[in-house]
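Below: the structure, in structure tokens.
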Amino acid sequence: DTAVSQTPKYLVTQMGNDKSIKCEQNLGHDTMYWYKQDSKKFLKIMFSYNNKELIINETVPNRFSPKSPDKAHLNLHINSLELGDSAVYFCASSLGPLVNEQFFGPGTRLTVL
Amino acid sequence: AQTVTQSQPEMSVQEAETVTLSCTYDTSESDYYLFWYKQPPSRQMILVIRQEAYKQQNATENRFSVNFQKAAKSFSLKISDSQLGDAAMYFCAYRLAGGTSYGKLTFGQGTILTVHP
């Protein structure tokens, strides 16, 4: 059984489009995260939700909007996609915000043309 | 702000040999956690080992061990008896133990490890 899943795994789209990436975890965790890995492989946190409430909101363009409909899901919506948004986006989850281990999803490779 | 630095962009090792990956970090906090994550070509992020800053004893997980030097803010990963499956990008990461960081992981730039047969 997949612990943290993301759909789609690959996303190719044109500049200016709006797209969403979905994340689901079946671990019963309370906390979920979005990380961005850029072309140089650098990983940086974007957002975190705990019990559907936003607890981390790093300096991210407001074209990025996370949504957590329930504790098991954290989706990422991106408006007006730009070339610089091309990256791999990872979803992760943990039992709680201060619990050690974060379990990562397989990543979504977003390519903006 | 906390920063994590991995000064070795690439490392290589012969199968069955030992290799050490370096990591330094900068923080003014005393209570935190350090991690090594592995990212193979499949892209999946896998936790290799973690260290609690309040523990003096170095963490060990099978062939993986760390050398944690708190005063020097150094956290190196030693891989013994290297296997072909160890080939991956390795990331060092830091997390504050409490406060308002809420689990935020700060990553280093990564080290690509090549294992030669």
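A short reminder: the numbers here are calculations on the coordinates, not readings from a lab. In this text, all values refer to a predicted model and were calculated from it rather than measured experimentally. When we count neighbours, we look across all protein chains shown, and the Cβ atoms used for this are built from the backbone with ideal geometry, even at glycine.
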> For A:Lys22 and B:Arg63, FRET efficiency with R0 = 35 Å and r from the beta-carbon atoms, rounded to 0.05?
Replying inline: 0.45
> Using the alpha-carbon centroid of each, what span in Å lies between the range B:56-117 and the range B:1-42?
Replying inline: 4 Å
> How big is the Kirkwood radius of the range B:3-116, worked out from every pair of different alpha carbons and given in Å to one decimal?
Replying inline: 14.2 Å
> Given a Förster radius of 30 Å and the C-beta distance between B:Asp31 and A:Thr13 as r, what FRET efficiency does 1/(1 + (r/R0)^6) yield to the nearest 0.05?
Replying inline: 0.10
>> Along its three principal axes, how long is the protein assembly as shown when you only count alpha carbons? Whole Å, largest extent first please.
In response: 48, 40, 34
> Between B:Glu17 and B:Gln56, what length in nm is gained on full extension when 0.36 nm per residue of separation is reduced by their alpha carbon distance?
Replying inline: 11.4 nm
